[in-house]
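Worksheet: one structure, shown below.
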Amino acid sequence: MRSNPDSHPAKRPNTLLPPQEGLQQQATEKRPRSRIETLADLIFGLSLSVGSVAAIASSPTTPAEIGSHILAFIFTFLILITAWLIYTSFMSVLPVETRTIVFLNVALLLLVTLIPYLLNSVEFINPIASAADASAIKDLASILFALDFTAILVIMAVFAHVLSLEEKKLVAPELAKLFRDGRNRMAVLAVLTVISIAPVFGQVLIFGVPARLFMWYVPLISYWVGRAVRPESRSYRVS
C-alpha cells in the first residue's frame, strides 16, 4: 500500500502555531485603553473648557485687557494640550494596573484640574479687591501654579523613568533611551519651574511681566521645538 505524502507528519501544515505575520502584528498592537485614560481625556477636555468659560465670564474693561485675556487663554491651552500629548504618549505603553501608577494618575489629573483655576487667579482679579489684596492674590496664585506645574513635570518624569527601565521590557531598547532622555529633560524643567517660586522672579519685570511667567514658557518651548526638530524625541516613536 502506497503511503500518502500529504499524510506524513512532516508534510502537514502546523495549524496550532500562528503565522509569523500574526505574531508581529500582535507585538506592535497597543494595549486596550484603560478606564482611567478615558477619564483623563474627559478631565483634560473639561479643564480646557473651564479656561475658556473663565475668559468669557471676565469682561475686559480696557482694550489692553482683551489682548491679555487672549494670551492667558492661549497659555492655559498650550499647557494643557502639551501635558495631554505627553500623557497619552506614555499611557499608550505604560501599564496602569499597579497601585503606584494608578495613584500617580489620580494625582496628575487633580493637578491638571487646578491649572485653569490658578492661572485665572493670576490673570483675572476681582475688581472690588484692593490693590494690596490683588497683588497678594496674584503672587500666591503664581506660586501655587509653579508648584502645580512642577508636580506635573515630576509625575511625567516618573512615568518616563518606569518606561526607561530596560529590565522591565515595557518598550524596545531604542525607545527606552528616548524615555530616559525624556525623564532627564522633564526633571531639569521641574527644577526650573520650582526655582521660579523664588520671590525675586515675581518682583523682576520683563516688559511689565514678572520674570516668573517667562520661566513657565520654557517647558512649552522645549516640547514644541523638540517636536519640530526631532519628532521621535517627543512622540517617543522610532520610525
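Tabulated values for the structure
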read-out: Which listed residue is aliphatic (A, V, I, L, M) and out of contact with any Ser or Thr (no Cβ under 7 Å at 6 or more places or on another chain), from ALA176, ALA187, ALA146; value: ALA187
read-out: Wholly within the range 1-103, helices (runs of 4 or more DSSP H) carrying at least 1 residues that are among the charged types (D, E, K, R) and modelled with pLDDT under 65; value: 20-28
read-out: Qualifying positions in the range 198-207 - surrounded by 16 or more Cβ atoms within 10 Å (Cβ to Cβ) and at pLDDT 85 or above; value: PHE201
read-out: Residue in the range 221-239 that is nearest to ALA141 (Cα to Cα), counting only those that are modelled with pLDDT under 85 and buried (at least 17 other Cβ atoms within 10 Å of the Cβ); value: ARG234
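Here's the yes/no breakdown for (1) in a helix (DSSP H, G or I); (2) more than 19 Å from SER121 (Cβ to Cβ); (3) in contact with an Asp or Glu (Cβ under 6 Å, 6 or more places away or on another chain):
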| position | (1), (2), (3) |
| --- | --- |
| LEU153 | yes, yes, no |
| LEU163 | yes, yes, no |
| GLU174 | yes, yes, no |
| ASP181 | yes, yes, no |
| ILE197 | no, no, no |
| PHE201 | yes, no, no |
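Listed here are the residues, each with its yes/no results for (1) in contact (Cβ under 8 Å) with a residue 24 or more places away in the chain; (2) closer than 23 Å to LEU140 by Cβ; (3) loosely packed, with under 14 Cβ neighbours inside 10 Å.
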| position | (1), (2), (3) |
| --- | --- |
| ALA176 | no, no, no |
| ARG180 | no, no, no |
| THR193 | yes, yes, no |
| SER196 | yes, yes, no |
| VAL209 | no, yes, yes |
| ARG212 | yes, yes, no |
| MET215 | no, yes, no |
| PRO219 | yes, yes, no |
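The values are calculated or read from the model by the stated rules, or taken from the named source; none is laboratory data. What you see is a predicted model; the values in this text were computed from it and never measured. With ideal geometry, Cβ positions are generated from the backbone for all residues, glycine too; neighbour counts draw on all protein chains shown.
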